[in-house]
Amino acid sequence: MRFVCIFVAALGLAAAYPKNDVVGANAIIQFLENPDEGESLDFEALILSMLERFRQTMITGSETLPVLDPFQLDRLSVDDQTIPLPGLRMTLEDLEVRKLSTFEINSLTFDIISVLRGLFGLSIDGEVPVIALDAGKYDLSVTALGFTIYGNGEAKIRVIRPRIKATLLIHLNIREGMALNLQEADVAISLEGFQTEITGIFNDPVLSEFVSRFLGNLVPELLEVFETEINEIVTDIFFEIAQDIIKDLDLGGILG
């Protein structure tokens, strides 16, 4: 769950904006100080440009962001406090997530709520055609529909068209080096399909194949049943990670 939220936070804020792109810091400051006199800015085009540059940064990394495609973790742990499934316990080791940089933006809107207060609204709807997740080792125990599933082995997961819709309220402070602060966030996730290839379920290859297909049907249904709870969890984690990303970010220095 955390790697998903890191991606959402980074995607929503696009911290890797180039120094020599469309608009500099002075133009933004001039617009905010004198919106009626300054040159009109196409903020939506500006953000889309940021996201395109961020797409490349996901592959190469930067001084402030690690490489996100592929995104690698030595270990990831999930339990029923993270996802509301009774008795869920799962660990993934040698985890690699690929194709995050192939994201597509379905829609993006930027609203100027209050220039005087520096408040802006950002709504973004994006998806990825497929996310490939491979774990060299997993350990799983979960109860669903009165049936306990457990096992350990290797796992390959393909998440088909995961979709993210985020609505953000952002404060831009031009008195402190164009500092960003996230005031509010509302994040929702969904997906079209979920494919798994898991070994080691009950130490039985036949049951492993059955459970892989079972989970392929179960996971999308669980996302629908627990939609509210899961989106609340994702929003909370997103808010925390987003604040970590932007707390030391000087947009004036980034924009040049």
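Every read-out reported here was derived from the displayed coordinates using simple, explicitly stated rules and does not represent laboratory data. Quick caveat: nothing in here was measured; it's all calculated off a predicted structure. A quick note on method: Cβ atoms are made from the backbone with ideal geometry, for glycine too, and the neighbour counts reach across all protein chains shown.
Tabulated results
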item	result
Summed residue charge, Cβ within 12 Å of Asp134's Cβ, Lys/Arg positive, Asp/Glu negative	0
Difference of contour (0.36 nm per residue) and Cα-Cα distance, Arg117 to Glu96	3.4 nm
Segment Asn173-Ala45, length gained on full extension (0.36 nm per residue, minus Cα span)	44.0 nm
Packing rank of 43-49, 234-240, where each peptide gets the mean count of other beta carbons within 10 Å, highest leading	234-240, 43-49
Spin-label model distance (nm) - Leu65 vs Thr109, 7 Å beyond Cα toward Cβ	2.5 nm
